[in-house]
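J.: Encoded as structure tokens, here's the structure I'll be asking about.
The values are calculated or read from the model by the stated rules, or taken from the named source; none is laboratory data. It should be emphasised that the depicted structure is a prediction, and the values quoted were computed from it without experimental measurement. Don't worry about glycine lacking a Cβ; one is built from the backbone with ideal geometry, like all the others, and counts go over all protein chains shown.
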């Protein structure tokens, strides 16, 4: 099928932008939609909290590993063909996620979703960067970033209601019609362009990087269960991660055609932008992963309400993007400063929650956190590519999204580990206080009235309270990450004419 929108059309770049935004929205929906049903999936599949988190982290890790493939594929195959194939694979894997009956099956197909979804953000961004002149890049990036807003708004809201009315499988079926819309948009707008000689794939560099990322992620996901470095498995995984990364760096420096051209890091803004996007990735998805089990298991909120809360976060992001559009002439470093600062403040606010937190408390926290995301994402994206040569855009966008996804998967695992570890420690400390010799508890003979039923209720309450403290510690860590990212902003170099 030939594209219906001709490249000679004066509106061509806007059609490309609309398609790229919708495709990015599909990817963002995929990342966020599974979060609202983690508790239901955990119960249906008999999984623990750290095991079920692989439904999210497995998808992100797969995306991180295969994102760098986008640059290599686009040098050998038309971007149009890659996008069509990726969206089709994404639709099929989404259907199989819905019909999965075990933890292993759903993690496998979520990984498949990540593999097929990996090329969507970098190739969409490459299309936008190529279609617009330098003077319109900031506007184009802001509009393109709307995809990352609409996804987290639409997916949890619709998926939450369908999951509650039917079952958790429908949150994945929700992605199918959006996938077909994205497929249609790609087929009618993305032009066919000849490929100028494909780059050879550096298999050593790719496999070394993939092994390093996978080993590091598995180490963080299973570390708490394995007692960290008391376990031989953790030591082996850490060793594989270090050796893999060492091989990747040394091989990339010595081979003529590396998997990732390290010369792109000579651009100061690009390198600083990658560090900032790593921190952004750490802050971006964590609330969407730890909020649902917190709200459902400790507060008993239904999926529909959790979906609304995650949708409110998207509204905050939309407000942030609107502010970006109105302040395009302001030094982007100032906007980034406020973006990270607001996310850090939202973390401090969330760390004041207790077991009796209300819907309004959580909604305000989500709104503020989303606002910080909206203020951070567009200027960091623009700064990162502002001074980079166009010939590096393919692999540079792939590395950009790779680093962001690694940051997300890494910090999700760390946050879940903090919740579980601190929850266990606090349960032991509080449980030790429940005894015949604690006069505060034994007031009016409460201890004497305890039977098996009441002991079970007391144990459940102790578990709830200890887990809540674990979540509070995770929110404090979240706030610290936000504050630590701020000094990096001063390393960005902005030319005076860029602010005019």
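J.: In this structure, does residue 291 turn out to be farther than 30 Å from residue 461 by Cα and under 21 Å from the mean Cα position of the chain (by Cα)?
T.: no
J.: Still on this model: Filter the stretch 245-262 for residues that are assigned to a loop (DSSP other than H, G, I, E, B) and either modelled with pLDDT of 80 or more or more than 13 Å from residue 68 (Cα to Cα) (or both) and give the result.
T.: 255, 256, 257 - these are the residues of the stretch 245-262 that are assigned to a loop (DSSP other than H, G, I, E, B) and either modelled with pLDDT of 80 or more or more than 13 Å from residue 68 (Cα to Cα) (or both).
J.: Take the stretch 211-258 and flag every residue that is under 27 Å from residue 398 (Cβ atoms), touching a residue at least 60 places away in the same chain (Cβ under 8 Å) and buried (at least 20 other Cβ atoms within 10 Å of the Cβ).
T.: If the condition is that a residue be under 27 Å from residue 398 (Cβ atoms), touching a residue at least 60 places away in the same chain (Cβ under 8 Å) and buried (at least 20 other Cβ atoms within 10 Å of the Cβ), then 213, 216, 217, 220, 221 are the ones that fit.
J.: Whether any residue in the stretch 151-171 is within 17 Å of the chain's Cα centre (by Cα), in contact (Cβ under 8 Å) with a residue 12 or more places away in the chain and either outside the structural domain of residue 20 (by TED's automatic domain parsing) or not in a helix (DSSP H, G or I) (or both) is what I want to check.
T.: Looking for residues that are within 17 Å of the chain's Cα centre (by Cα), in contact (Cβ under 8 Å) with a residue 12 or more places away in the chain and either outside the structural domain of residue 20 (by TED's automatic domain parsing) or not in a helix (DSSP H, G or I) (or both), one finds none in the stretch 151-171, hence no.
J.: May I pose another question? Quick one: in the stretch 329-365, which of the residues that are in contact with a helix residue (DSSP H, G or I) (Cβ under 6 Å, 6 or more places away or on another chain) and assigned to a loop (DSSP other than H, G, I, E, B) is modelled with the highest pLDDT?
T.: 351
J.: Test residue 275 against the stated conditions and say whether it is over 19 Å from residue 416 (Cβ atoms), assigned by TED's automatic domain parsing to the domain that holds residue 74, free of Cβ contacts under 8 Å to residues at least 60 places away in the same chain and in contact with a helix residue (DSSP H, G or I) (Cβ under 6 Å, 6 or more places away or on another chain).
T.: No: the conditions fail for residue 275.
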